[in-house]
Amino acid sequence: MIKGIGASNGIAIGKAIVLPSWEWNLPDKFVDVSDLAYEFEKLYEGVETSKSELETIKQDISQLIGEEESHIFNAHLAILEDPIFINEVRDIMQRQFKAAEVAVKETIDKFVGMFDLLDDDYMKERAADIRDVGNRLLKHLLGYWDDEIPVQEEPYILVARELSPSQWAHIDPAKVLGVVTLMGGTNSHSAIMARAMGMPLVIGLEGKQDEPIATGDTIIMDGSDGSVYVNPDEETIERYGRRKKEWLAHLELLQGLAHVEPLTTDGKKVRLKANISAIKDLDPAFQCGADGVGLFRTEFLYMDRSTFPSEEEQLEVYREAAQRLGPGRSIVIRTLDVGGDKNIDYIPFPEEDNPFLGYRAIRISLDRTELFKAQLRAILRASHYGNVKLMYPMISSLQELRQANALLEEAKKELEEEGHPFDRKLPVGIMVEVPAAAAIADLLARETDFFSIGTNDLVQYLLAVDRMNEQVAHLYEPYHPAVLRMVKHTAEAAQRAGIPVSVCGEMAGDPLALPIWLALGVTELSMSVKLLLPLKARLLASSSKDSAELMNRLLACSDSQEIRSLLEQAAGGLLGGTGQIQE
Ligand code: PEP
Ligand code: MG
């Protein structure tokens, strides 16, 4: 048995296909001075083609796996736009008269070598990014590519030195039973992609095997404890066959929780809701027992088109969502939240040095009031067909909330005059995702019907760490003591004002964070659909009383490491290192 690192749970048994460790082997190629201009043109064209290819992959991954996973490709786009990378290539071409592809290869090798030397998982990941994006660029410069995922009839276990995000994008889960890589860390791209796809993954086999795995070997791999068996005996195959069955039964058990009431062991109910961005997300959400929709990100209705969706077009979508909820369930429709990383071609966004601090979300709505009104009217009209709530993103002052509400009043008046029915008591809430809003939560709570804490942005703004910037990803720490204090302050302000508070950022679905929400008396958590069942399993085994005690200890911690380890301890045997439920 070889012991690697279990990075995504699940057991796979099958024949290995080993991807050749593929390296571009380029002999030096020099060009005449007169050909340099052509080489540069080739380089820039290659960069542009690579960028548009990455944008397409990003979109595909966003649709197939999840928006968050698609952000992995932002790091690749950033490398292609990084002047340090491109200037290095240009320098080699200009000074040594080398062909574009040779200069790119030398640049990749130089940077990868530099990062690889450091004994730091984060830096090794950056090396992998550079290699991946560099290889993509080389493919376009040379016109060929040779590390595609094998296509074959029989399902197999894929073994590789490491898999790039681009390769993950081509994995067919119906054909690949599991993946084993020699490199990688538990927070690597491979681990994130595998977990999102539900693909068993063992990583980190480098230097641990006496003989390399060969294509055709029979492999058993266990993604929860990292064990890999090569050509095992019958008894081991049978044993793992049984464990695999148990694992599948565990998944079925999770599925069986879909309609179990979400109560803690001491009887506190927490409504578990889904974050959606399109109507197509509703069915999977209900299959996982979602108790309504806590966040409808409407911006996706505005994307991939060339004009604004009209009021009628929006109404159609919101009405369908409202009608499909079923009794006792509600949907929170958030108004347009673009800007930052989500741009729409037909809104002329200004060139901004700091788009996340710029023309974004409610700021755009309050500037382009005709567009905002059309959306408000559509949401109001949909409220006639189901239990709809309205929510404004990125509120940072009372004035913004009042301005938005004034426009809402105008929209209501117009609809009344036109004779359109709508819910006159439509609840209106705000996202608490800017530290300013959290700081004045008491003032905002007086003029709003509910709060939803958006931890994704709250963490980014509170810690001054761009949530899209891979370079500072290690500083993006949801378990920072400052975050704990901010959410506590917000929840307490809501409770004093007697309004409900929910959470809809990624932390809502992180089983590790659950005691925090239980202790704060949060009664609604809204999350990506795939997180609903594992979170429910954790909820059913948690007590709000224990959580309150734990919270006191968490608040006394002075750094995130301490907080994390207390939360991990509390999760005990329930959770694996990957935040997934163990067998
Ligand atoms: C958030 O910021 O936590 C949130 C849920 O909104 P989004 O991720 O769409 O910015
Ligand atoms: Mg947000």
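Tabulated data
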| read-out | value |
| --- | --- |
| For residue 332, distant residues with modelled amide H under 5 Å away | 293, 294, 295, 296, 389 |
| Radius 13 Å from Cβ of residue 452, net charge of other residues (Lys, Arg +1; Asp, Glu -1) | 0 |
| Candidate aspartates and glutamates for bridging to residue 58, where Cα separation is under 12 Å - those fewer than 8 sequence places away on the same chain excluded | 67, 68, 69 |
| GluC sites (Glu not before Pro) within the stretch 393-457: DSSP coil, no more than 10 neighbouring Cβ in 10 Å | none |
| Helix 311-323 axis, angle to the chain major axis (alpha carbon atoms, nearest 10°) | 90 |
| Over 18 Å between alpha carbons, listed pairs 51/139; 273/488; 124/530; 269/425; 268/536 | 273/488; 124/530; 269/425 |
| Dimensionless Rg/Rh of the chain - Kirkwood Rh, Rg from C-alpha atoms | 0.99 |
| Per-residue ³J(HN,Hα) for the stretch 226-231, Karplus 6.51 cos²θ - 1.76 cosθ + 1.60, θ = phi - 60°, Hz, x for Gly and Pro | x, 7, 10, 10, 10, 6 |
| Considering only the chain, percent of DSSP beta bridges that pair antiparallel, nearest 5 | 35 |
| Net charge, residue 315 excluded, C-beta distance under 12 Å - Lys, Arg +1, Asp, Glu -1 | -2 |
| Linear extension gain, residue 255 paired with residue 283, 0.36 nm per residue minus alpha-carbon span | 8.7 nm |
| Sulfur and carbon atoms: percent of accessible area, the chain [1.4 Å] | 50 |
| Ranked packing of 237-245, 124-132, most packed first, by mean Cβ within 10 Å | 124-132, 237-245 |
| Cα centroid separation - the stretch 175-230 against the stretch 437-454, whole Å | 46 |
| CD proxy at 222 nm, helix term only [per DSSP H run n ≥ 4: -39500 (n - 2.57); per residue of the chain; nearest 500] | -14500 deg cm²/dmol |
| Karplus 3J(HN,Hα) series, Hz, for the stretch 45-55 with 6.51 cos²θ - 1.76 cosθ + 1.60 (x for Gly, Pro) | 4, x, 5, 5, 4, 4, 5, 6, 5, 5, 4 |
| Förster radius 60 Å - calculated FRET efficiency between residue 399 and residue 214 (Cβ-Cβ, nearest 0.05) | 0.35 |
| Cut-off under 5 Å, modelled amide H: who pairs with residue 394 long-range | 431, 433 |
| Length released on extending from residue 464 to residue 172, taking residue separation times 0.36 nm less the Cα-Cα span | 101.3 nm |
| 5 angstrom amide H check on residue 502, placed H, neighbours 5+ away | 451, 452, 453 |
| Label-point gap, in nm, between residue 367 and residue 238 - each point 7 angstrom along Cα→Cβ | 7.0 |
| Table column - 3J(HN,Hα) (Hz), the stretch 163-177, Karplus curve with 6.51, -1.76, 1.60, x for Gly and Pro | 10, 7, x, 4, 5, 4, 4, 9, 7, 9, x, 7, 10, 9, 7 |
| Label point distance in nm, residue 413-residue 555, each placed 7 Å from Cα along Cα→Cβ | 4.5 |
| 1.4 Å probe accessible area per residue over the chain, in Å² | 44 |
| Estimated FRET transfer efficiency (residue 323, residue 26; beta-carbon r; R0 56 Å; 0.05) | 0.40 |
| Additional length obtainable on full extension of the chain from residue 353 to residue 304, 0.36 nm per residue less Cα span | 15.2 nm |
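The values are calculated or read from the model by the stated rules, or taken from the named source; none is laboratory data. It should be emphasised that the depicted structure is a prediction, and the values quoted were computed from it without experimental measurement. Cβ coordinates were reconstructed from backbone atoms using ideal geometry, including for glycine residues, and neighbour counts include every protein chain displayed. Note: accessible area is taken over every heavy atom of the protein model, side chains too, but ligands, DNA and RNA are not part of it. Shrake-Rupley method; radii C 1.70, N 1.55, O 1.52, S 1.80 Å.
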